[in-house]
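Asker: I have a structure here, written as structure tokens, and I will follow up with some questions on it.
Quick note: the coordinates plus some simple rules give every number you see, no bench work behind them. Quantities reported herein were computed from a predicted structural model and do not represent experimental measurements. Virtual Cβ from ideal backbone geometry, glycine too; neighbours counted across all protein chains shown.
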Amino acid sequence: MAADLNALCIPDLYHALCREEPGRTLVRRLLTLAYDEDVPEGDVTSEAGVPPDARARGVIACRRTPGVLCGVDALRDAADLLTPGCRVAPLARDGDAVEPGQPVVRLEGPARRVLALERLALNLISRLSGVSTRTRAYVQALPRATQARIFDTRKTTPGLRRLEKYAVRCGGGFLHRLNLSDALLIKDNHIAPVPRGSLGAWTRDLARRARAAHGDRLRFIEVEVDSPDGLRQVLTHAAGEIDIVLLDNMDPGSLARCVALRDRLAPRVLLEASGGVTLDSIGTIARTGVDRISTGDLTHHAVSLDFGLDFDG
């Protein structure tokens, strides 16, 4: 079985996602692209107005709104890769709560290089902290008496997948699959051609073929259903082959019926609610007894947290 990314602490998770292959190559490509689109042929303002031997020293600080910090480790990698000689000294850690006015990073080095790195640094930390802050709001909205956990989706900003998923973990959420290669998720468009009443047997056979073909590479096997009847078919025929059932766009009453059905037929299968999840509905969904709640809202509606860089002196 593939490694459980959700069992790793935050520093180890960043290393696994962004400093080991294939993530290392993907993140370095992303950082290089972001830098190149901002500094394609040099910084003409700094070249005209800043002496080549000048040095700069300053801090990146949270501005107006409190939140959850994310992006410090990514900034350190960006500086090492793109602006040699620039030193990034963390004053807070990814996953920390931050308040307005709080410094989170000290930057120092050749002034021209610090200025060239400034916008990339602020964009990274602002965006990723927005995702971790949004996630923390969802986690805090879960009723204490429930067992449900918040999971992300693949509805991420193109190119930012690994960093945004890392930000979800910094906010207290959990990672769904990273991509189409690391887990089997049988969704509605896969199921569309399946004859009515055959879903359970079809799912069982597909899961067996996938395990035979991909073995330990699969993090989990999951199937989507849109009704308690679909869940009944899957649990009757494929409970021993699947790990999770995704309950898509069901109302709270249907979710509760699915939980009761699962408890009776296949207690080890996890149930995941998804579709139309909001901060207002998360409590009601969690109280139905589902194990997991996944939502693209963690990334879709995250508002960047405001950070700024101020030089000393």
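Asker: Please check: in the Gaussian network model of the chain (C-alpha springs, under 10 Å), which one of D38, D77, D96 has the largest mean-square fluctuation.
Answerer: Comparing D38, D77, D96 in a Gaussian network model of the chain, the most mobile one is D38.
Asker: Let me ask something additional. Provide the FRET efficiency to the nearest 0.05 for the R106-K155 pair, computing r from the beta carbons and using R0 = 30 Å.
Answerer: Efficiency computed from Cβ-Cβ geometry: 0.30.
Asker: Can you put H176, H190 in order, fewest other beta carbons within 10 Å first?
Answerer: The fewest-first ordering by Cβ neighbours comes to H190, H176.
Asker: In the chain, with Lys and Arg counted as +1 and Asp and Glu as -1 at Cβ, which of these residues, L163, L33, T284, has the Cα nearest the positive end of the dipole, that is, farthest along it?
Answerer: T284
Asker: Provide, in order from the shortest bin, the percent of all Cα-Cα pairs of the range 1-144 in each 5 Å bin, continuing until the bin that contains the maximum pair distance.
Answerer: Percent of pairs per bin, in order: 2, 9, 17, 20, 19, 15, 10, 5, 2, 1, 0, 0.
Asker: Taking θ = phi - 60°, what integer Hz values does the Karplus form 6.51 cos²θ - 1.76 cosθ + 1.60 yield along the range 272-289, in sequence order, with x for Gly and Pro?
Answerer: Going residue by residue, I get 10, 8, 8, x, x, 7, 9, 4, 6, 9, 4, x, 5, 5, 4, 5, 6, x Hz, with x marking Gly and Pro.
Asker: Among all helices in the chain defined by DSSP H, which have a length of 30 Å or more along the axis from Cα atoms plus a Kyte-Doolittle mean of at least 0.0?
Answerer: Length and hydropathy pass: 111-141.
Asker: Could I ask something else about it? Report relative contact order for the chain in percent, whole number only (criteria: Cα-Cα under 8 Å, sequence separation at least 6).
Answerer: Result for the chain is 22 percent.
Asker: To the nearest 20 debye, what charge dipole does the chain have about its Cα centre, counting +1 at the Cβ of each Lys and Arg and -1 at the Cβ of each Asp and Glu?
Answerer: The dipole of the chain has a size of about 780 debye.
Asker: Taking only Cα atoms and a 10 Å spring cutoff, compute GNM fluctuations for the chain and point out the largest among D248, D263, D94.
Answerer: Answer for the Gaussian network model of the chain: D263.
Asker: Let me ask another. Evaluate the charge dipole of the range 10-126 about its Cα centre and quote only its size in Debye, nearest 20, assuming +1 on the Cβ of each Lys and Arg and -1 on the Cβ of each Asp and Glu.
Answerer: That gives a dipole near 300 debye.
Asker: Which value, in debye to the nearest 20, describes the size of the charge dipole of the range 216-284 about its Cα centre when Lys and Arg Cβ atoms bear +1, Asp and Glu Cβ atoms bear -1, and nothing else is charged?
Answerer: With Lys and Arg at +1 and Asp and Glu at -1, about 280 debye.
Asker: Compute the distribution of all C-alpha to C-alpha distances in the range 164-313, in bins of 5 Å from 0, and list the percent of pairs in each, rounded to whole numbers.
Answerer: 2, 8, 17, 19, 18, 14, 9, 4, 2, 2, 2, 1, 1, 0, 0
Asker: Turning to a different aspect of this structure: In what sequence do V131, V168 fall when counting other Cβ within 10 Å, fewest first?
Answerer: Fewest-to-most Cβ neighbours within 10 Å comes out as V168, V131.
Asker: Please state, to two decimals, what the Cα-based radius of gyration of the range 96-255 comes to when divided by 2.2 N^0.38 Å (N = residues).
Answerer: Expressed relative to 2.2 N^0.38 Å, the Cα Rg reads 1.38.
Asker: Further question: Count the DSSP beta bridges whose two residues both fall in the chain, then state the antiparallel fraction as a percent rounded to the nearest 5.
Answerer: Percentage antiparallel, nearest 5: 45.
Asker: Between C70 and residues 5 or more places away or on another chain, which pairs have amide H atoms under 5 Å apart, with H built 1.01 Å from N, and which residues are they?
Answerer: When sequence neighbours closer than 5 places are left aside, the close amide H contacts are G95, S129.
Asker: Another question about this same structure. How many times 2.2 N^0.38 Å is the alpha carbon radius of gyration of the chain?
Answerer: Taking the Cα Rg and dividing by 2.2 N^0.38 Å, one obtains 1.16.
Asker: With a 10 Å cut-off between alpha carbons and a GNM built on the chain, which of P110, P51, P267 moves the most?
Answerer: Greatest mean-square fluctuation among the candidates belongs to P51.
Asker: Here's a follow-up. Run the lone-cysteine check on the chain: no other Cys C-beta under 4.7 Å from the residue's C-beta.
Answerer: C9, C18, C62, C86, C258
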